[in-house]
C-alpha cells in the first residue's frame, strides 16, 4: 500500500506494472481473494466469456455489437490495447474514461492489501468493478492467456466460447494443440453451453466438456455458416436460420467468428431478438484487424496477426484479393514463432520489409535478431529497419499507385504503424 495514490491514468498504469515481480503469474487464488475483498459478484445479468488462440477480439466485437443492436446495455473487456489503455473497457459502446479507470484502480488498491497482482489481474478486477456498478444486461469478457488459470476465469460465465486453438504461448500452455486446448477448455462451466468456433477442435476440449457436462455447440456440427453470394451469408442450426450481410471485418475467417458470436448469444437464457443479428454483424468494427487505409493511392492494411494460424488467414486473404504489387512489413516479439509466420506466405509474390520491435524490453528484438531467426527465407533477405515506422516509410517510398502494403506481426507492430500513419496525415 502506498501513502499517496497515483493521480493520473498514466501514473496508475506505471504503478500497477510494478506491483508483481512477474508480468504473468497464472492462478486464481490471489485474484479471487481480492475480488472477495472488493465485494465482486456478477458483473452483469448475463455473462459470455471468450477464449481461444485467434479471433477472440473479433468475436467479442460481434457479440457486443449484436447485443447493443438489441438495445441491451453491454460491457466488454478485451486485451491488449492498441493505442490507449481505455480501449480495454467499454461500457454501452464507450471506452471507459480516465476518471472511471482511476476510481476502479483505487478501489482495487484499497482492497488488495499486501496481495501482489499482475498488470492484467489488476486491470481485470478494475473492469469487473466498473461493470458491476453499471447495471449491465450483458458482460463480454475476453480471456487474456489460456483460460483455466486466467484472471477472467474468476467469473462463472453463462456461455463460454473457444474461437480457435493453435500453437502459441507454449511456455505457459503446452507444446501442442491438445495441451493448449485443455487449458482453454477451463473456461467452460458444468451444464452450461460451450461454443466452439472451429470445425476441428482438439479432442481435449471435447473430453473436458463431456467430463463436466458442458453442452458443446460445434461449428460444422451443431451450427453452420455458408456463403449465399458476394454480399450475404447464412447462419443456421437445426430448425433455425438467419440470412445476414457479410461482416465489415474483412477476412474470410470473420464469418466463423460471427457464427460463434451468434451461437453464443442464442445459447443465453435470454437471447436477443432475431432482427438484432443482421444489424449487429454489419455494424461491428475492430481496429487492427485488416484495418484498411489509403495513402497516396496505396492501400495500407494493418493487422495484429502474430502467430502461424493468424498468418495463414492473412495469406489466404491476400490470395483472394485482386492482383496488385504487394509489400509486407513485419515485426515480431522475440517469443513468437516468426519462421512459422513467414512460411504462411510462401508462394506469394511479395516484397518483405523487416523491423525491430521494442529492442530494449524483455520480449523485444532488433531487426537483425529477427532476420537471424528466419534463416534462409525471402523474408530474411528483405530490407531491414530499426523500427516499424522506418519500415513502413520504406515500403511507402517504393509503392506505386494501386499497390498494397500489409503491416502485421503483433499488437505493438499494428500500434506503431497506426501512429506513424496518423502522424503523416
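Could you tell me whether residue 356 is closer than 16 Å to residue 292 by Cα and in contact with a strand residue (DSSP E or B) (Cβ under 9 Å, 6 or more places away or on another chain)? Let's see the steps before the verdict.
Numbers: closer than 16 Å to residue 292 by Cα: no; in contact with a strand residue (DSSP E or B) (Cβ under 9 Å, 6 or more places away or on another chain): yes.
Considered against the rule, which asks whether it is closer than 16 Å to residue 292 by Cα and in contact with a strand residue (DSSP E or B) (Cβ under 9 Å, 6 or more places away or on another chain), residue 356 comes out as no.
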Candidates 240, 214 - the one that is more than 20 Å from the chain's Cα centre (by Cα) and surrounded by fewer than 13 Cβ atoms within 10 Å (Cβ to Cβ):
240
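Conditions tested, residue by residue: (1) free of Cβ contacts under 8 Å to residues at least 24 places away in the same chain; (2) farther than 18 Å from residue 268 by Cβ; (3) surrounded by fewer than 23 Cβ atoms within 10 Å (Cβ to Cβ).
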| site | (1), (2), (3) |
| --- | --- |
| 44 | no, no, no |
| 54 | no, yes, no |
| 66 | no, no, no |
| 70 | no, no, yes |
| 73 | no, no, yes |
| 77 | no, no, no |
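Matching residues to (1) closer than 16 Å to residue 301 by Cβ; (2) touching a residue at least 60 places away in the same chain (Cβ under 8 Å); (3) out of contact with any helix residue (DSSP H, G or I) (no Cβ under 6 Å at 6 or more places or on another chain); (4) assigned by TED's automatic domain parsing to the domain that holds residue 53:
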residue	(1), (2), (3), (4)
343	no, no, yes, no
353	yes, no, no, no
373	no, no, no, no
388	yes, no, no, no
397	no, no, yes, no
400	no, yes, yes, no
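Listed residues 399, 378; which is closer than 20 Å to residue 305 by Cα, surrounded by fewer than 23 Cβ atoms within 10 Å (Cβ to Cβ) and more than 25 Å from the chain's Cα centre (by Cα)? Break it down stepwise before answering.
Values: 399 fails: closer than 20 Å to residue 305 by Cα.
Only one candidate qualifies: 378.
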Among the residues of region 7-22, is there at least one that is in the same structural domain as residue 278 (by TED's automatic domain parsing), in contact with a helix residue (DSSP H, G or I) (Cβ under 7 Å, 6 or more places away or on another chain), surrounded by fewer than 20 Cβ atoms within 10 Å (Cβ to Cβ) and modelled with pLDDT under 95?
yes
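Just to be sure before I move on: is residue 51 in the same structural domain as residue 15 (by TED's automatic domain parsing) and in contact with a strand residue (DSSP E or B) (Cβ under 6 Å, 6 or more places away or on another chain) in the structure I sent? Steps first, please.
Working: in the same structural domain as residue 15 (by TED's automatic domain parsing): yes; in contact with a strand residue (DSSP E or B) (Cβ under 6 Å, 6 or more places away or on another chain): yes.
Criteria met by residue 51.
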Considering only residues that are outside any strand (DSSP E or B) and either free of Cβ contacts under 8 Å to residues at least 60 places away in the same chain or touching a helix residue (DSSP H, G or I) at 6+ places or on another chain (Cβ under 7 Å) (or both), which ones fall in region 286-306?
286, 288, 289, 290, 303, 304, 305
Would you mind telling me which numbered condition in (1) under 27 Å from residue 85 (Cα atoms); (2) at pLDDT 95 or above; (3) exposed (fewer than 14 other Cβ atoms within 10 Å of the Cβ) residue 391 fails?
(3)
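Give, as residue ranges, the helices (runs of 4 or more DSSP H) completely inside region 169-250 that count at least 2 residues that are in contact (Cβ under 8 Å) with a residue 40 or more places away in the chain. Please lay out each step first, then the result.
Values: elements: 170-173, 177-184, 203-212.
Counting at least 2 such residues, we get 170-173, 177-184.
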In the list 96, 103, which residue meets the criterion of being surrounded by fewer than 23 Cβ atoms within 10 Å (Cβ to Cβ) and farther than 25 Å from residue 186 by Cα?
103
Would you check if residue 123 is part of a loop (DSSP other than H, G, I, E, B) and either assigned by TED's automatic domain parsing to the domain that holds residue 413 or surrounded by 22 or more Cβ atoms within 10 Å (Cβ to Cβ) (or both)?
no
Just one of (1) assigned to a loop (DSSP other than H, G, I, E, B); (2) over 23 Å from the mean Cα position of the chain (by Cα); (3) at pLDDT 95 or above trips up residue 370, so point out which.
(1)
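Looking for something part of a strand (DSSP E or B), buried (at least 24 other Cβ atoms within 10 Å of the Cβ) and outside the structural domain of residue 166 (by TED's automatic domain parsing) - is there at least one such residue anywhere in region 308-315?
Within region 308-315, the subset part of a strand (DSSP E or B) is none.
Within region 308-315, not a single residue is part of a strand (DSSP E or B), buried (at least 24 other Cβ atoms within 10 Å of the Cβ) and outside the structural domain of residue 166 (by TED's automatic domain parsing).
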Under 9 Å by Cβ, and 6 or more places apart or on different chains, what pairs join a residue from region 3-14 that is at negative phi and touching a residue at least 60 places away in the same chain (Cβ under 8 Å) with one that is assigned to a loop (DSSP other than H, G, I, E, B) and crowded, with 16+ Cβ neighbours inside 10 Å?
12/6; 13/6
Return the total of residues in region 404-420 being surrounded by fewer than 18 Cβ atoms within 10 Å (Cβ to Cβ) and either in a loop (DSSP other than H, G, I, E, B) or touching a strand residue (DSSP E or B) at 6+ places or on another chain (Cβ under 7 Å) (or both).
0
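The values are calculated or read from the model by the stated rules, or taken from the named source; none is laboratory data. Note that the structure is predicted; figures quoted are calculated from it, not measured. Counting neighbours? That spans all protein chains shown, and the Cβs are built from the backbone with ideal geometry, glycine included.
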